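Engineer: Handing you this structure, nothing more for now.
The values are calculated or read from the model by the stated rules, or taken from the named source; none is laboratory data. Remember, it's a predicted structure, so these values are computed and weren't measured experimentally. So basically every Cβ, Gly included, is an ideal-geometry build from the backbone, and we count neighbours across all protein chains shown.
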Amino acid sequence: MQTSDEKKVLQLVKSSTTGKKKISTGGKNRKPVSGADEYSQQVEQYANRIRETSDINEIIEILDTVMGETRNLRYSNEMYRAQEQVQLAENRIESLKQELEQLREMIHYDPMTGALNRRGLDAVYQREAARADRNENALCAVMLDLDDFKRINDSYGHQFGDDVLVHLVKLAKKSLRLSDVIARYGGEEFVILLPDTTLESAVWVIQRLQNSFLKKALADIDGNAVPIAFSGGIAFRQLHENQKSLLKRADEALYQAKKSGKNRIMIAS
């Protein structure tokens, strides 16, 4: 099912291709166009491909091909007099491509916190799991949940609660490596993926984040610090283990951490 962001992308592309002569398909080994007539025919074929697809990555690939052929035409004798028009077309294609790439990024991120959303987490997990299986590398998943978050919202308001979520993500991004990722899994629940990380190191990383989160508490409207804790469950990924299984084990460990008194980290069996 298409998301609202994906539908916006398709509307943008199709409105840009409607009513204009556009561009061709063709395999990777197809010869580049050499003249205006051939270019015009190719344009309409490309436009048809864009109208028919719902894959943003494919659209961007098509635009890259169009850009290459447009640049080739800039230097052909037949198109010499139309250089200004070709330059305008090139600029328009490049601008559209940038917009599509920005929208593609938006589809994978939670707009409030800046963390990955579930779609973004799925994409990163597929990549890191494949790499871990290929090289037999370690990969840990951590499920985090803020303790007593409903009480925080009820006592200080939902805006303060939102600020707490944003604050946690900012602290996590500062303390984690570039290869680590944090994703908002739902409400006040987050998932952290730690590639190339042993179970012992993962515990240390999350405990450090836990301490930092407690020490750097946000202040309420009166300027008083409001210490907030989180609990976590850590699971070490087995070779070829899928995402659903790994996160289920991390969630079970999180449940045990909550049951044992909160503000603690538990390791999945």
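Engineer: Going by the conditions given, is Ser231 polar (S, T, N, Q), in a helix (DSSP H, G or I), in the same structural domain as Val142 (by TED's automatic domain parsing) and under 22 Å from Lys173 (Cα atoms)? Steps first, please.
Structural biologist: Working: polar (S, T, N, Q): yes; in a helix (DSSP H, G or I): no; in the same structural domain as Val142 (by TED's automatic domain parsing): yes; under 22 Å from Lys173 (Cα atoms): yes.
For Ser231, the condition - polar (S, T, N, Q), in a helix (DSSP H, G or I), in the same structural domain as Val142 (by TED's automatic domain parsing) and under 22 Å from Lys173 (Cα atoms) - is not met.
Engineer: Hey, another quick one. Which numbered condition in (1) assigned by TED's automatic domain parsing to the domain that holds Glu252; (2) of a type in the set (D, E, K, R); (3) modelled with pLDDT under 95 is the only one that Asp163 fails?
Structural biologist: Among (1) assigned by TED's automatic domain parsing to the domain that holds Glu252; (2) of a type in the set (D, E, K, R); (3) modelled with pLDDT under 95, the lone unmet condition for Asp163 is (3).
Engineer: Filter the stretch 164-223 down to the residues that are among the hydroxyl-bearing types (Ser, Thr, Tyr) and crowded, with 19+ Cβ neighbours inside 10 Å and list them by number. Walk me through it before giving the result.
Structural biologist: To start, the set of residues in the stretch 164-223 that are among the hydroxyl-bearing types (Ser, Thr, Tyr) comprises 175, 179, 185, 197-198, 201, 212.
Within the stretch 164-223, Tyr185, Thr197 qualify.
Engineer: Consider the stretch 111-144. How many of its residues are of a type in the set (Asp, Glu) and crowded, with 18+ Cβ neighbours inside 10 Å? Write out each step before concluding.
Structural biologist: In the first step, residues of the stretch 111-144 are kept if they are of a type in the set (Asp, Glu); the result is 122, 128, 133, 136.
Pick out the ones that are also crowded, with 18+ Cβ neighbours inside 10 Å and you get 128.
Number of matching residues: 1.
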